[in-house]
Amino acid sequence: MTRSLAIAILSALLSLVAPLQAQPASDTVGHVVEVEVPAPALAGNLLGTADVQEAAVYLPPGYDSEPDRRYPVVYLLHGIFDDYGVWLGHFDVPHILDRLIAAGELPEVLMVMPNGGNRYGGGFYRNSPVSGGWGDYIADDLVGFIDREFRTLADKDSRAVVGHSMGGYGALNLAMTRPDTFSVIWALSPCCLAAIDDVGFGNDAWKRSAQITTPEALESVLAGRDFYAVATLGIVTAFSPDPDQPPVYGDFPFDIVRNEVVLDDAAYDRYRDALPVRQVRGARDALRQLRGLALGVGLGDQFLHITNGTLAFSQRLGAERIPHRLDVYAGDHRQLVGERLESIILPWVGERLAVAN
C-alpha cells in the first residue's frame, strides 16, 4: 500500500468517527430552562424591585427520560452586582454539572440559579423592610415554586445552598435562619460577616453614602458606579434599614463630625449584631442540625474583610463546637470559583444530599 493511499483511507475513517465524538448522546447532558417566579415576599419593598423574579433551572440528563424520578436540588446564589447569567456564562456551571454527573462525582440534581439583585447591587438574601423579604423569597417563594413546577425531592435533607460573595453570606444566613428548609451549605468567599477592613467605617465610601440627602444625589451616585458607595447602600438597607429615612432608607450608625466618622455606640452595636460573626451562638442549634456546613476563601481575596471575616466566623463555629469544613486556598475573590465548584464544592455537596426517591 502506498503512503498516499494509506493517508486517504485514514482520512476517510476519521471523517466517519469525528462526528460521533463531537455529538454527545442526548441523555448525557442536561439543559437549562428560564422561569418567572412570583415573589410575594418582595412586594411593597421601597427600592422598586419587582415582585416577579427570573431564575434559571438546570435539569439533569435523565430528567426528561425518567418521568417518575425525583431529584435533590442545589440553590446557587450569585454575588453583588451580578445576576444568574454569571453562572451560565462566565462560570459555565451547566457544563460543570454535565461533567460531574457523567463522571459519577455528583448525583443527578436540579440546580436553581435565582436573581438576587436590586438597584443597590443586591438584597443580600435577607429580610428587610426596605429592600424586601429576600430570605423569605428564597426559602418560601422560590423553593415552593420549584417544588410545584419540577420533580424535586421536597425535603430539607435533599436541598443545598451554595453561594459566592454576597451569595456566600446569603447561604450562611439561610443556614442560620432556615434549617427547616436547607440542610447542606457551602459559602464561597462570603462577604459581610463582620464590620472590618474594607466594609468597616474607615472606608470613605460610608461617608459618601451617608451624605446622600436628596433623590438627585442618590441618582448621581448610582450613575457614577462608585462600587463601594453603592455597595454600602445595599449593606445599610439590608442590615440597618430605616423605612423613615428617604432617599436611601438606611440608618447609618455614625455621625460625620468635621468630616470624620464618629460612631453611635448603641446603633453600631445593633448593626454589628446583625452580622453573622455575632450571630453564631444564637444560631448554634440551627447550625448543628445541618448535614453539612463549609466555608471557602482565597487568601488573596481583593476584598480584605472576606478573608478575615471568614476565618473569624470559622473560629466562632469552632468555639461553639459546630462541625464545619474550612477550605483555605491560594486564590483571589473570583478567578478560581468555577474550578473549585467542579473539583471540590459540588462533589462535597452531592455526597451529603439525600438522593433516594
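The values are calculated or read from the model by the stated rules, or taken from the named source; none is laboratory data. Given the structure is predicted, the values throughout are model-derived calculations rather than measurements. No Cβ is skipped: glycine too gets one built from the backbone with ideal geometry, and neighbour counts run over all protein chains shown.
Values as computed for the structure displayed
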item: Total residues in segment 318-347, condition buried (at least 19 other Cβ atoms within 10 Å of the Cβ) and within 18 Å of residue 288 (Cα to Cα); result: 1
item: Lone unmet requirement of (1) modelled with pLDDT of 95 or more; (2) under 17 Å from the mean Cα position of the chain (by Cα) for residue 329; result: (2)
item: Segment 186-220: number of residues that are assigned to a loop (DSSP other than H, G, I, E, B) and within 30 Å of residue 156 (Cα to Cα); result: 6
item: Pairs where the first residue, in segment 199-211, is farther than 14 Å from residue 234 by Cα and the second is among the polar types (S, T, N, Q) and at pLDDT below 85, C-beta under 8 Å, 6+ apart; result: 207/259
item: Segment 34-66, residues that are among the β-branched types (Val, Ile, Thr), assigned to a strand (DSSP E or B) and either in contact (Cβ under 8 Å) with a residue 40 or more places away in the chain or in contact with a helix residue (DSSP H, G or I) (Cβ under 8 Å, 6 or more places away or on another chain) (or both); result: 35, 37, 57
item: Subset tally (residues that are out of contact with any His (no Cβ under 9 Å at 6 or more places or on another chain), within 17 Å of residue 185 (Cα to Cα) and not polar (S, T, N, Q)) for segment 267-296; result: 10
item: Criterion (β-branched (Val, Ile, Thr), over 30 Å from residue 335 (Cα atoms) and surrounded by 17 or more Cβ atoms within 10 Å (Cβ to Cβ)) met by exactly one of 262, 248; result: 248
item: Segment 134-148 residues that are within 14 Å of residue 73 (Cα to Cα), paired with ones that are of a type in the set (Ser, Thr, Tyr) and part of a helix (DSSP H, G or I) (beta carbon under 9 Å, 6 or more apart); result: 139/177
